[in-house]
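Undergrad: Below is a structure I'd like to ask you about.
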Amino acid sequence: MMRERKRIHSALAKPSMMKPMSVPSWLNNKIGLRPKRSDNRPRIGVPMNCMDGYAACRMPMMSGFAPKRAAKSGISGMMMDKPIKSTNTIAMMGRMRLKSNLSEGVAASEVVITLKSFGAMIAQKKISCRIKSLNRKDRKGKELKKPGALGVLSGSENKKSRYMLVYETLKRAFDSLRLQDKPVIAHASLKSFGQIDGGAQSLLRAVLDSVGALMMPTFTYKTMITPSVGPPNNGITYGAEMDLNSQAEAFTPSMPCDKLMGIVPETLRNLPHAKRTSHPIQSFAGIRAEKLLATQTIQNHLAPIAALAEADGWVLLLGVDHTVNTSIHYAEKLAGRKQFLRWALIPNRIVECPGFPGDSVGFNAIASELVNDTRAIQIGNTVVQAVSLRVLFVKVIRILKENPLALLCERDDCERCNAVRESVLG
């Protein structure tokens, strides 16, 4: 049996002509359209229709308490940040905007960021940001603490952070080596540190303020003369560089050190209180090291290193390795390794310079023996090492006694290393 159709019907729903109270006037012609989903649409856990969503997104700007400086451009115009962001997150976003302004060269100013959300003020936090002027003449910036690297944020035109070392950072790092009362001989590569505010002078100032006395080699190879004849097995081909003899320069105390030594020794030599020895090939310069420098003679050019070891001195490697460690040459001499004879030009004559050392390319093999005796720190992009000269001499002499061919280079054309091998093997 078929069911009788229900005769009672409710009246048809009349379309509502009332506009929602939350709809702003600018949406009068958009009623019924579904808004685009975006990060600007609030998600607060309360069911909302499309009109409420539009109104909520616009409310911070329309309610009057949102400061204009905190509004930002959105899909539908100016609006506030998402209300679900915490105050800490918005504060961090503000700092990121400031960093972006820094990289573009914003002048020094004080910025106050006020944080408010829509509907009601949920938090207010003020952040004072002192921004250093980052023009082309001044890129020092604020000190940045970063694990593993001591540096200062300097800014960059390509928005990539770079680090500029300053005197205070260098001084603090060198002090950690505990060499305040020790005389040192230093070897340095300024380039390995990256950018240093003040360059080589700041580096030397930090070292001088952290050690008892400082000495550096200031060798001058352009004074050397190659004769046509000489003693055999001397690690040199006589007459091979006769054309270079005409370019040799007579040594004077004011002669700049060789470019292979780097800019740091040359800067030290030019300091007002620096003293320099008079050896025509292998001179040393130093500050507060007069007694050490006075021991050098033309027959014993490594005497300052011997005096340094007696005074409990240390070798300081500033961004370089043991291949430039001149003190190992003195340890070779103590172990009985073959030395060489060279000639140098001084005003009005040529002099013999005995005790010329061998090649140092193979010296880095000693590093593994000194791991437990080395004080090492990282500064900026480089590593600084400090080793006691007494410990260094003991290790080198022991190695050379066990293997007389140790610490030699592997080059087949190295005349000095080949001469050492010949003197050992016979």
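The values are calculated or read from the model by the stated rules, or taken from the named source; none is laboratory data. The shown structure was predicted, so the numbers you read here are calculated from the model rather than taken from an experiment. Reconstructed Cβ throughout: ideal geometry from the backbone, glycine too, with neighbour counts over all protein chains shown.
Undergrad: Taking residue 397 as the residue in question, decide whether it is at pLDDT 95 or above, surrounded by fewer than 19 Cβ atoms within 10 Å (Cβ to Cβ) and more than 26 Å from residue 244 (Cα to Cα). If you could, list the steps in order and put the result at the bottom.
TA: Values: at pLDDT 95 or above: yes; surrounded by fewer than 19 Cβ atoms within 10 Å (Cβ to Cβ): yes; more than 26 Å from residue 244 (Cα to Cα): yes.
For residue 397, the condition - at pLDDT 95 or above, surrounded by fewer than 19 Cβ atoms within 10 Å (Cβ to Cβ) and more than 26 Å from residue 244 (Cα to Cα) - is met.
Undergrad: Also: Given the condition within 24 Å of residue 263 (Cα to Cα), in a loop (DSSP other than H, G, I, E, B) and not aromatic (Phe, Trp, Tyr), answer yes or no: does some residue in the stretch 365-379 qualify?
TA: Here is the first cut: in the stretch 365-379, the ones within 24 Å of residue 263 (Cα to Cα) are 376-379.
Among the residues that remain, those that are also in a loop (DSSP other than H, G, I, E, B) are: none.
No, the stretch 365-379 contains no residue that is within 24 Å of residue 263 (Cα to Cα), in a loop (DSSP other than H, G, I, E, B) and not aromatic (Phe, Trp, Tyr).
Undergrad: Now, a different point. Could you tell me whether residue 371 is assigned by TED's automatic domain parsing to the domain that holds residue 313 and surrounded by 15 or more Cβ atoms within 10 Å (Cβ to Cβ)? Step through it out loud before you land on a result.
TA: Numbers: assigned by TED's automatic domain parsing to the domain that holds residue 313: yes; surrounded by 15 or more Cβ atoms within 10 Å (Cβ to Cβ): no.
Against the criterion (assigned by TED's automatic domain parsing to the domain that holds residue 313 and surrounded by 15 or more Cβ atoms within 10 Å (Cβ to Cβ)), residue 371 does not qualify.
Undergrad: Report yes if some residue within the stretch 208-221 is assigned to a loop (DSSP other than H, G, I, E, B) and surrounded by fewer than 17 Cβ atoms within 10 Å (Cβ to Cβ); otherwise report no. Even if it seems obvious, please write down each step before you answer.
TA: Initial filter on the stretch 208-221 (assigned to a loop (DSSP other than H, G, I, E, B)): 209-212, 218-220.
Subset that is surrounded by fewer than 17 Cβ atoms within 10 Å (Cβ to Cβ): 209.
Checking the stretch 208-221: at least one residue is assigned to a loop (DSSP other than H, G, I, E, B) and surrounded by fewer than 17 Cβ atoms within 10 Å (Cβ to Cβ).
Undergrad: Also, quick follow-up: So residue 248 passes all but one of these: (1) touching a strand residue (DSSP E or B) at 6+ places or on another chain (Cβ under 7 Å); (2) in a helix (DSSP H, G or I); (3) small (Gly, Ala, Ser). Which condition number does it fail?
TA: Residue 248 satisfies every listed condition except (2).
Undergrad: Would you be able to say whether some residue in the stretch 209-221 is within 14 Å of residue 344 (Cβ to Cβ) and not polar (S, T, N, Q)?
TA: Yes, that holds for at least one residue.
Undergrad: Looking only at the stretch 278-318, count every residue that is over 17 Å from residue 268 (Cβ atoms) and among the acidic types (Asp, Glu) and tell me the total.
TA: Total satisfying the criteria: 2.
Undergrad: Have a look at 359, 413 and point out the one that is touching a residue at least 12 places away in the same chain (Cβ under 8 Å) and acidic (Asp, Glu). Please lay out each step first, then the result.
TA: Details: 413 fails: touching a residue at least 12 places away in the same chain (Cβ under 8 Å).
After applying the criteria, what remains is 359.
Undergrad: Now for a separate question. Picking from 310, 332, 290, which residue would you name as being of a type in the set (D, E, K, R), modelled with pLDDT of 95 or more and touching a helix residue (DSSP H, G or I) at 6+ places or on another chain (Cβ under 8 Å)?
TA: Details: 310 fails: touching a helix residue (DSSP H, G or I) at 6+ places or on another chain (Cβ under 8 Å); 290 fails: touching a helix residue (DSSP H, G or I) at 6+ places or on another chain (Cβ under 8 Å).
So the residue among 310, 332, 290 that is of a type in the set (D, E, K, R), modelled with pLDDT of 95 or more and touching a helix residue (DSSP H, G or I) at 6+ places or on another chain (Cβ under 8 Å) is 332.
Undergrad: Go through the stretch 242-257 residue by residue and tally those that are exposed (fewer than 13 other Cβ atoms within 10 Å of the Cβ) and either touching a Cys at 6+ places or on another chain (Cβ under 8 Å) or over 15 Å from residue 343 (Cα atoms) (or both).
TA: So the answer is 4.
Undergrad: Got a sec? Which strands (runs of 3 or more DSSP E) wholly within the stretch 268-350 have at least 1 residues that are surrounded by fewer than 19 Cβ atoms within 10 Å (Cβ to Cβ) and either more than 32 Å from the chain's Cα centre (by Cα) or not assigned by TED's automatic domain parsing to the domain that holds residue 245 (or both)?
TA: Details: elements: 284-287, 314-318, 340-346.
In the stretch 268-350, 340-346 are the strands (runs of 3 or more DSSP E) which contain 1 or more residues that are surrounded by fewer than 19 Cβ atoms within 10 Å (Cβ to Cβ) and either more than 32 Å from the chain's Cα centre (by Cα) or not assigned by TED's automatic domain parsing to the domain that holds residue 245 (or both).
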